[in-house]
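Presented below is the structure to which this report refers.
What follows is calculated from the coordinates using simple rules that are stated; it is not laboratory data. If you're wondering where the values come from, they're calculated on a predicted model, not measured in any experiment. FYI the Cβ positions are ideal-geometry reconstructions off the backbone, even for glycines, and counts take in every protein chain you see.
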Amino acid sequence: MRILHRYLGFFLAGIMAVYALSGIVLIFRETDFLKKKSITTEQIAPGVDALHLGKALKLKRYQFEQEEGDIIYFKNGEYNKTTGVARISKSELPFVLEKMTKLHKATTNDPLYWLNIFFGCSLLFFVLSAFWMYLPKTKIFKAGLVYALAGVVLTLVLLFV
């Protein structure tokens, strides 16, 4: 068990580093931390009203702000109803960080979900195999159980409070 635990741990060290970094970056996903701003221009049909503009521009988080004359202002952009030109400001993570954070967002439609399942099962193996490292009657084993219980309690408190 120790040998399997050791070599699987070495193998997963790289995956854990990527998950750790991308998880920290995801905490700041609602901010512009580490993101690059870019402005794109899109041409759509003229005369689109404020209610249907988000759908026409294929914006997930369209939020209307105001309308002044022929210009519709929305969160992160503007649209000219006369010309049909929309200017949209986007904040995106650098390429490598974007790919890393995609790990956390993988669904069954993405081949990366197999890596997530493998990683989750491996972490569960680490949890269980850690308790095989010591005999149940030893002081270290009993202390390990206390620490594990404290970790569960802390997580539950943070989740529900």
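A few comments on the model shown:
- Partner lysines whose Cα lies under 30 Å from the Cα of LYS99, excluding those fewer than 8 positions away in the same chain, are identified as LYS35, LYS36, LYS37, LYS55, LYS58, LYS60, LYS75, LYS90.
- Each label was represented as a point 7 Å from its Cα along the Cα-to-Cβ direction; for VAL18 and ASP49 these points are 4.8 nm apart.
- Top positive-direction residue, dipole computed over the chain with Cβ charges, set LEU21, MET133, ALA86: MET133
- Estimated inter-spin distance, ILE71 and PHE119, nm [label 7 Å along Cα→Cβ]: 4.4 nm
- The calculated FRET efficiency for TYR147 paired with LYS90, based on their beta-carbon distance and R0 = 45 Å, is about 0.55.
- Square roots of five times the Cα gyration tensor eigenvalues for the range 36-92, Å: 17, 12, 11
- Each residue of the range 111-119 was assigned a 3J(HN,Hα) from its phi angle through the Karplus expression (A = 6.51, B = -1.76, C = 1.60, θ = phi - 60°), giving x, 5, 5, 5, 5, 4, 5, 4, 5 Hz with x at Gly and Pro.
- Partners of LYS142 within straight-line reach, counting lysines whose Cα lies under 26 Å from its Cα and excluding those fewer than 8 residues away in the same chain: none found.
- Calculated from backbone phi, Karplus (6.51, -1.76, 1.60) coupling profile of the range 47-60 in Hz, x at Gly/Pro: x, 6, 7, 4, 5, 9, 5, x, 5, 5, 8, 6, 9, 5
- Evaluated on the chain, the Kirkwood hydrodynamic radius is 20.3 Å, with distances taken between all distinct Cα atoms.
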